[in-house]
Amino acid sequence: MWNLLRRLKRRLRPDPVARFWRNRERIVRPRGWRRWFTPWYVHANQKIADRHNALIPCLEAISPFATPHGMAGIFISYGARIGRGCTIFHQVTIGSNTLADSRGQGAPVIGENVYIGAGAKIIGGVQVGDNARIGANCVVTFDVPPNATVVLDAPRVILRDTPRDNTFLTWEGYLRRQGGDLEG
């Protein structure tokens, strides 16, 4: 009896992550009569992402990736690029750095077959090479070569003599300031 109910539940409410990636494919590459339903797919994906507190843009530059613990808390910037075959755990941030006086401006580029542990943060114009591993809770603000492993080191405090410019720019504002196009 319980097996029948489980199968019925799976049939009526399929895996939301699988549904998200199916809808994403229909948004990025609409074919035939499904292109008329693109706004519905966008709305459905937004609901799935909101339910899981995630932001994963439906862009061609972001290849589908494995999420072993679901989409819980995954944030990916609109300027980021993610290669095929990546595994991204929960609470991961792949974010752009648009601070005016920062060294690592831009958005991350993640190579193929990259493993990113739970709670990792990859910020700024960082390139992560193919087959790299980013450990849990690591903060990556530098380039990672292919086949490398990044693990968490002891935190350190960096003192400055002059005040910093912490003006926040949206990704569009950053691109306009840099003179780039919005398609990225």
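Computed quantities for the displayed model
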{"read-out": "Rounded to 10°, Cα long-axis angle of helix 2-12 versus longest principal axis of the chain", "value": "70 degrees"}
{"read-out": "Cβ-placed point charges (K, R +1; D, E -1), dipole of the chain about Cα centre in debye, nearest 20", "value": "1320 debye"}
{"read-out": "Cβ-based charge dipole, the chain, positive-most Cα from Pro68, Thr87, Cys138", "value": "Pro68"}
{"read-out": "In degrees, nearest ten, helix 16-28 long axis to first principal axis of the chain (Cα)", "value": "80 degrees"}
{"read-out": "Where Leu169, Leu99, Leu4 fall by accessible area, highest first, once all protein chains stay in place (1.4 Å)", "value": "Leu4, Leu99, Leu169"}
{"read-out": "Computed accessible area, Arg81, all protein chains, 1.4 angstrom probe, square angstrom", "value": "90 Å²"}
{"read-out": "The chain, accessible surface, carbon-and-sulfur percent (1.4 angstrom probe)", "value": "54 percent"}
{"read-out": "Whole-number D in µm² s⁻¹ for region 1-137, Kirkwood Cα-pair radius fed into Stokes-Einstein, 20 °C, 1.002 mPa s", "value": "133 µm²/s"}
{"read-out": "Förster-model FRET efficiency, 45 Å R0, Asp50 and Gln127, C-beta, rounded to 0.05", "value": "0.90"}
{"read-out": "Accessible surface ranking that places the most exposed of Thr162, Thr93 first, with a 1.4 angstrom probe", "value": "Thr162, Thr93"}
{"read-out": "Förster radius 45 Å - calculated FRET efficiency between Asn3 and Glu172 (Cβ-Cβ, nearest 0.05)", "value": "0.35"}
{"read-out": "Neighbourhood charge, 15 Å Cβ-Cβ cut-off, centred on Asn166 and excluding it, Lys, Arg +1 and Asp, Glu -1", "value": "+1"}
{"read-out": "Total charge dipole magnitude, region 63-153, about the Cα centre, Cβ charges on Lys, Arg, Asp, Glu only, Debye to nearest 20", "value": "140 debye"}
{"read-out": "Calculated FRET value between Asp161 and Ala136, using beta carbons and R₀ = 30 Å, to 0.05", "value": "0.30"}
{"read-out": "Average Cα contact separation per residue, region 72-184, under 8 Å, 6 or more apart, as relative contact order %", "value": "21 percent"}
{"read-out": "Interchain or long-range residues, amide H under 5 Å from Gln127's placed H", "value": "Val109, Asp143, Val144"}
{"read-out": "Whole-number accessible area per residue in Å² for region 73-184, which is evaluated in the context of all protein chains at 1.4 Å", "value": "60 Å²"}
{"read-out": "Between 0 and 90°, nearest 10: helix 38-51 axis offset from the chain longest Cα axis", "value": "70 degrees"}
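The values are calculated or read from the model by the stated rules, or taken from the named source; none is laboratory data. Quick caveat: nothing in here was measured; it's all calculated off a predicted structure. Don't worry about glycine lacking a Cβ; one is built from the backbone with ideal geometry, like all the others, and counts go over all protein chains shown. Just so you know, the surface numbers come from the protein's heavy atoms only, side chains and all, with ligands and any DNA or RNA stripped out. Shrake-Rupley method; radii C 1.70, N 1.55, O 1.52, S 1.80 Å.
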